Amino acid sequence: MEEQRKAVRAMQVYIREHITEDITPADLPNVSNFSPWYARKLFIKNLGMAPAVYIRRLRLSMSALRLRDEKIAILDIAMEMGFGSVDGYQRAFRREFGCNPKEYALSPVPIWLFTPYLIENTERKVSKMSETRTVFIQVVEKPARKVIIKRGIKANEYWSYCEEVGCDVWGLLTSIKSISGEPVCLWLPEHLRKPPTNEYVQGVEVEQDYTGSVPDGFELIDLPAATYLLFRGEPFEEEKYESAIMEIWDAEKKYDPAFIGYEWDNMNPRIQLEPRGERGYIELVPVRRKDTDLPRS
């Protein structure tokens, strides 16, 4: 069973790394070390869709982000993403997102992007990093801003949030242009929670004067300007992401911000960025100057 899941993960990694290239019917079986028939069967069994559907949905989502952020012709994006014609691309885009790509490029709205996660190992053991690793810390300033969030009831960390709210929320948040360049996960301080909802939410930071759409079931909240300590670990292997997270949590517990003239700020949310192995795991913890006369929660 573990060998099969590793094969599916290898196919996912290959797709991600070659998504703008021509992925042939032989490529995925080759990286999975299984026959074409069995590799396809494993892919469908574990991910709920055929490889061709997976590839098409991922390419459409990547194209949507480019249409949102770049001035690019529909013809160019269709060809670069491997669609045979503009008409075929437009039809696929409309089926996936419910709007025409040209309309979307002119007026981007929140859409449910396809943001697949690499398949997990069946045994989710947290193994300690074998070598001594460095945690980098720096002071960063966050401006006053709004955050579009989706609340949960019992969620207090990523996995419980995914089980309760659904992992596909991240795709919708990714479609909304963020002032920080990506969605965020937040542990909300008590005064920003709404009983019976819990502390952990996923959201996207937007400008303070944001007037765009807020998806149904989501909420727009205000956050003041705040100072944060950014904790970043070293790059890690994707399957060791839990160890990378624990590494940062341990560093946060041990660190005393008084060393640089700060104290922890319980009036602003702690922020978690998506764990990405190539950049290291990142969290931002709010702090305030020790001599600042502000209320504490």
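A short reminder: the numbers here are calculations on the coordinates, not readings from a lab. Quick caveat, the model's predicted, so the values are computed rather than measured. Methodologically, a virtual Cβ is constructed for each residue, glycine included, from the backbone with ideal geometry; neighbour enumeration extends over all protein chains shown.
Toward the positive end of the charge dipole of the chain, about the Cα centre and with charges on Cβ (Lys, Arg +1; Asp, Glu -1), which of TYR38, VAL184, VAL214 goes farthest?
Among TYR38, VAL184, VAL214, the one farthest towards the positive end of the dipole of the chain is TYR38.
Figure the gain on full extension for ARG5 and VAL139 (residue separation times 0.36 nm, minus the Cα-Cα span) and round it to one decimal in nm.
44.2 nm
Let a ≥ b ≥ c be the square roots of the eigenvalues of the Cα gyration tensor of segment 51-207; is it rounded (a/c under 1.5), or, if not, prolate (a/b larger than b/c) or oblate?
prolate
I need the shape label for segment 181-230. Rule: rounded when a/c is under 1.5, else prolate if a/b > b/c, else oblate, with a, b, c from the alpha carbon gyration tensor.
Oblate shape, in that a/c is at least 1.5 and b/c is the bigger or equal ratio.
If every alpha-carbon in segment 2-106 counts as one equal scatterer, what log10 I(q)/I(0) does Debye give at q = 0.14, 0.19, 0.21, 0.24 1/Å?
Results for segment 2-106 at q = 0.14, 0.19, 0.21, 0.24 Å⁻¹ read -0.58, -0.90, -1.01, -1.19.
If I take R0 = 35 Å and measure r between the Cβ atoms of VAL214 and VAL53 in this structure, what FRET efficiency does the formula 1/(1 + (r/R0)^6) give, to the nearest 0.05?
The computed FRET efficiency comes out at 0.70.
Measure nothing but the geometry: give the 0 to 90° angle between the long axis through the Cα atoms of 36-47 and the longest principal axis through the Cα atoms of the chain, rounded to 10°.
For 36-47 against the chain, the angle is about 30 degrees.
At a Förster radius of 41 Å, what calculated FRET efficiency corresponds to the Cβ-Cβ distance of LEU75 and TYR255, to the nearest 0.05?
Efficiency at R0 = 41 Å is approximately 0.20.
How would you rank 5-16, 60-71, 199-210, highest first, on the average number of other Cβ atoms within 10 Å across their residues?
For the peptides 5-16, 60-71, 199-210, the packing ranking is 199-210, 5-16, 60-71.
Relative contact order of the chain: what whole-number percent is it, with Cα pairs under 8 angstrom and at least 6 residues apart?
Relative contact order for the chain comes out at 16 percent.
By its C-alpha gyration tensor, with a ≥ b ≥ c as the square roots of the eigenvalues, how is the chain shaped: rounded for a/c under 1.5, else prolate for a/b larger than b/c, else oblate?
Oblate, because a/c is 1.5 or more while a/b does not exceed b/c.
Cut-off under 20 Å on the C-alpha distance; same-chain residues fewer than 8 positions from LYS6 excluded. Which aspartates and glutamates are left, in chain and number order?
GLU17, ASP27, GLU120, GLU123, GLU237, GLU238, GLU239, GLU242, GLU278
Send over the semi-axes of segment 144-222's equivalent ellipsoid, whole angstrom and largest first, taken as the square roots of 5 times the C-alpha gyration tensor eigenvalues.
19, 14, 10
Whole Å is fine, so just give me how far the alpha carbon centre of segment 189-225 lies from that of segment 168-187.
With segment 189-225 and segment 168-187 each reduced to a Cα centre, they are spaced 12 Å.
Have a look at ASN266, ASN198, ASN30 and tell me which one the Gaussian network model of the chain (Cα, springs below 10 Å) gives the largest fluctuation.
For the chain, modelled as a Gaussian network with Cα springs under 10 Å, the answer is ASN30.
Would you mind checking which residues have amide H under 5 Å from VAL287's amide H? H placed 1.01 Å from N; only 5 or more apart, or other chain.
Those qualifying (amide H under 5 Å, at least 5 residues apart or on another chain) are THR227, TYR228, LEU229, ASP265.
Which listed residue (VAL13, LEU58, GLY277) has the Cα farthest towards the positive end of the charge dipole for the chain, taking +1 on Lys and Arg C-beta and -1 on Asp and Glu C-beta about the Cα centre?
With unit charges placed on the Cβ atoms, the residue in question is LEU58.
How high is the relative contact order of segment 2-106? Use alpha-carbon pairs under 8 Å, at least six apart in sequence, and give a whole percent.
It rounds to 22 percent for segment 2-106.
Taking the 0 to 90 degree range and rounding to the nearest ten, how far is the long axis of helix 241-254 tilted relative to the main principal axis of the chain, both from C-alpha atoms?
Here the helix axis deviates by roughly 10 degrees.
Quick check: pseudo-label points 7 Å beyond the Cα along Cα→Cβ at ASN33 and GLU21, how many nm apart are they?
The two pseudo-label positions are separated by 2.1 nm.
Under 20 Å from a point 7 Å along the Cα-to-Cβ line of GLU278: which residues of segment 172-197 have their amide N that close?
Under 20 Å, as judged by backbone N against the label point of GLU278, lie 174-175, 178, 180-184 of segment 172-197.
Note down the net charge around LEU284, summing +1 for each Lys or Arg and -1 for each Asp or Glu among other residues with Cβ under 10 Å from its Cβ.
+2
Pulled fully out, how much extra length does the chain show between ASP222 and GLU237, if you take 0.36 nm times their separation in residues and subtract their Cα-Cα distance?
Contour length minus the Cα-Cα distance gives 1.8 nm.
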